[in-house]
Amino acid sequence: MSGPAPPAAPAGFSLNQQTVRQWSLPELAAGCAAAGVRHVGLWREPVREYGAPAAARLVRDAGLTVTSLCRGGFLTATDPAGRAAALADNRAAVEEAAVLGTDTLVLVAGGLPPGSRDLAGARERIADALAELGPFAAGHGVRLAIEPLHPMYAADRCVVSTLGQALDLAERFPARQVGVVVDTYHLWWDDTVSAQLVRAGQSGRIAAFQLADWITPLPEGVLLGRGQLGDGCVDLRWFRGRVAAAGYTGATEVEIFNPALWAREGAEVLAEVLDRYRRHVL
């Protein structure tokens, strides 16, 4: 006889794959099903290794829906070959998202090209790329979601540092083509974010909402320094309330890059994340 069904995770909760990076895709699907989680955010590298059609079947058979695919982007190249390669890779990412059944492709826009100090020019190249990619994505039922990253990543990963900057780009295009990502780890410090969330809601631009906490001291190599919910200084519940007030009704993804979590048993990490979500977000 099978045991009782697991209690359902909170409505709208989504587990981003990077939070339990130690799990393979089959382990992720099984672990989420065992914990009553019904939504996942996926990453391209493990999906490609497994095969996008097979990954789509796997998560579907586990009763999961894919809330986002990460990541496209890196659209700031100045040379024709680099630009062409970036556009081709992003078209492939759109097609993978469509196969997985998600309508959201997260974009990390890209940093400054080597030797460049031209932030404004880099942002214009992003806009040029969005003009080409937006209609292609919409034709596949996918929206491009610009994720502003904390300013410490502006040089090498993302010249879009604030929600306002992301909206300035997104609003050049139809809302069904280009939206924005609200990630607490990247935006908690910005005193304009409340007004920008209202702006994003009014134009229907919020495509994804992601959670991680900000802890100090930051580790060496700050990419992997995201904190477990409740361990840092971000008012996660405030963000959730403001995003909901802006009209966002989609999933809330917990996306934590943290080697200490990856060193633990995945089911234990997921149980802790769910407990923290209930205590610090709801």
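Within the range 50-76, the residues that satisfy the criterion of being touching a residue at least 24 places away in the same chain (Cβ under 8 Å), more than 18 Å from the chain's Cα centre (by Cα) and open to solvent by 70 Å² or more (accessible area, probe 1.4 Å) are Tyr50, Pro53, Arg60, Asp61. Scanning the range 183-198 for residues that are touching a helix residue (DSSP H, G or I) at 6+ places or on another chain (Cβ under 6 Å) and among the charged types (D, E, K, R) yields no hits at all. Considering each of Gln196, Gln210, Gln165 in turn, give the residue that is within 15 Å of the chain's Cα centre (by Cα) and outside any loop (DSSP other than H, G, I, E, B). One residue alone meets the criteria, Gln210. Number of residues in the range 235-247 that are surrounded by 18 or more Cβ atoms within 10 Å (Cβ to Cβ) and assigned to a loop (DSSP other than H, G, I, E, B): the value is 1. Considering only residues in the range 259-279 that are in contact with a Gly (Cβ under 7 Å, 6 or more places away or on another chain) and within 28 Å of Asp103 (Cβ to Cβ), the one that is surrounded by the most Cβ atoms within 10 Å (Cβ to Cβ) turns out to be Leu270. Selection of first residues in the range 77-104 that are touching a residue at least 24 places away in the same chain (Cβ under 8 Å) and part of a helix (DSSP H, G or I) and of second residues that are of a type in the set (A, V, I, L, M, F, W, C) and open to solvent by 60 Å² or more (accessible area, probe 1.4 Å), restricted to Cβ pairs under 6 Å at least 6 apart or on distinct chains, gives the following pairs, ordered by first then second residue: Ala86/Phe74.
For the range 1-31, a residue qualifies if it is out of contact with any Lys or Arg (no Cβ under 7 Å at 6 or more places or on another chain), open to solvent by less than 20 Å² (accessible area, probe 1.4 Å) and either hydroxyl-bearing (Ser, Thr, Tyr) or closer than 13 Å to Glu253 by Cα (or both), and the qualifying residues are Phe13, Ser14, Leu15, Asn16, Gln17, Thr19, Val20. Candidates Gly250, Gly232: the one that is over 19 Å from the mean Cα position of the chain (by Cα), part of a loop (DSSP other than H, G, I, E, B) and not acidic (Asp, Glu) is Gly232.
The values are calculated or read from the model by the stated rules, or taken from the named source; none is laboratory data. Predicted model only: the values in this text are computed from it and were never measured. Neighbour counts are summed over all protein chains in view; Cβ atoms, including those assigned to glycine, are modelled from backbone coordinates with ideal geometry. Keep in mind that these areas ignore ligands, DNA and RNA; they rest on the heavy atoms of the full protein, side chains included. Shrake-Rupley method; radii C 1.70, N 1.55, O 1.52, S 1.80 Å.
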